[in-house]
Amino acid sequence: MANELLLDTGALVSLLDRGQRRHREFTDFFETWTGQVVTTEAVLTESTHLLGRVSGGAVACLDFVLSGGALLVPATADSVRRARDLMKRYADCPMDFADASLVVLAEDIGTNLVLTTDQRDFSIYRLAGRKRFRICI
């Protein structure tokens, strides 16, 4: 499982909200991506909150996941512990829980591909302390 694409909040919001500056860029990318897309409950929660300002946005976000747009990977006690440790380590960024959950998921499934608008932070984060993320846009 090394070619999964992690879907971050900013990318998901940009993908679903036509009012976002980078909407077209993300829809174009997503239309050509043929691999598995994965995300976390933390990203879904953050995205539905942000899309709540758009008419039908929160429901569209849930429908996106329910229709197979991304595989939702649930948190476990171990993943939450690891996320907590990462948030402490990257406190100077600061790292939020959604980002931490994606780093943990990346480590768990062995991928470093991420679709995000947060290039600054994902260029700082390291997998298992060493490997860099590959930001797809």
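The values are calculated or read from the model by the stated rules, or taken from the named source; none is laboratory data. Nothing here was measured: the structure is a model prediction, and the numbers come from that model. Ideal geometry is used to build each Cβ from the backbone, glycine not excepted, and the neighbour counts take in all protein chains shown.
May I ask you to verify whether ALA2 is in contact with a Gly (Cβ under 7 Å, 6 or more places away or on another chain), modelled with pLDDT under 95 and aliphatic (A, V, I, L, M)? Give the derivation first.
Numbers: in contact with a Gly (Cβ under 7 Å, 6 or more places away or on another chain): yes; modelled with pLDDT under 95: yes; aliphatic (A, V, I, L, M): yes.
The answer is yes for ALA2.
Which pairs do you get when a residue that is on the phi > 0 side of the Ramachandran plot and of a type outside the set (S, T, N, Q), found in the stretch 108-137, comes within reach of a residue that is outside any loop (DSSP other than H, G, I, E, B) and buried (at least 17 other Cβ atoms within 10 Å of the Cβ), reach meaning Cβ atoms under 8 angstrom, with the pair 6+ apart or on two chains?
ALA128/GLU107
Would you confirm whether any residue within the stretch 103-124 is of a type in the set (A, V, I, L, M, F, W, C), within 18 Å of ALA42 (Cα to Cα), surrounded by fewer than 21 Cβ atoms within 10 Å (Cβ to Cβ) and in contact with a helix residue (DSSP H, G or I) (Cβ under 6 Å, 6 or more places away or on another chain)?
No, the stretch 103-124 contains no residue that is of a type in the set (A, V, I, L, M, F, W, C), within 18 Å of ALA42 (Cα to Cα), surrounded by fewer than 21 Cβ atoms within 10 Å (Cβ to Cβ) and in contact with a helix residue (DSSP H, G or I) (Cβ under 6 Å, 6 or more places away or on another chain).
Across the stretch 105-133, what is the total count of residues that are more than 23 Å from ASP78 (Cβ to Cβ), assigned to a loop (DSSP other than H, G, I, E, B) and polar (S, T, N, Q)?
2
Just the residues that are within 17 Å of VAL114 (Cα to Cα), in contact with a helix residue (DSSP H, G or I) (Cβ under 7 Å, 6 or more places away or on another chain) and at pLDDT 95 or above, please, taken from the stretch 17-38.
ARG22, HIS23, PHE26, THR27, VAL38
Search the stretch 87-98 for residues being in contact with a helix residue (DSSP H, G or I) (Cβ under 6 Å, 6 or more places away or on another chain) and part of a helix (DSSP H, G or I), and hand back the single one that is surrounded by the most Cβ atoms within 10 Å (Cβ to Cβ). If you could, list the steps in order and put the result at the bottom.
Going through the stretch 87-98, the residues in contact with a helix residue (DSSP H, G or I) (Cβ under 6 Å, 6 or more places away or on another chain) turn out to be 87, 93, 95, 97-98.
From the residues that got through so far, the ones that are part of a helix (DSSP H, G or I) too are 87, 97-98.
On the way: MET87: 18, PHE97: 19, ALA98: 21.
Across the stretch 87-98, the extreme among qualifying residues is ALA98.
Filter the stretch 125-137 for residues that are closer than 11 Å to ALA106 by Cα and hydrophobic (A, V, I, L, M, F, W, C); which is surrounded by the most Cβ atoms within 10 Å (Cβ to Cβ)?
PHE133
Can you pull out the residues in the stretch 43-86 that are part of a loop (DSSP other than H, G, I, E, B), free of Cβ contacts under 8 Å to residues at least 60 places away in the same chain and of a type in the set (A, V, I, L, M)?
Of the residues in the stretch 43-86, the ones part of a loop (DSSP other than H, G, I, E, B) are 52-56, 67-70, 74-76.
Checking which are free of Cβ contacts under 8 Å to residues at least 60 places away in the same chain leaves us with 52-56, 67-69, 74-76.
Result: VAL54, ALA75.
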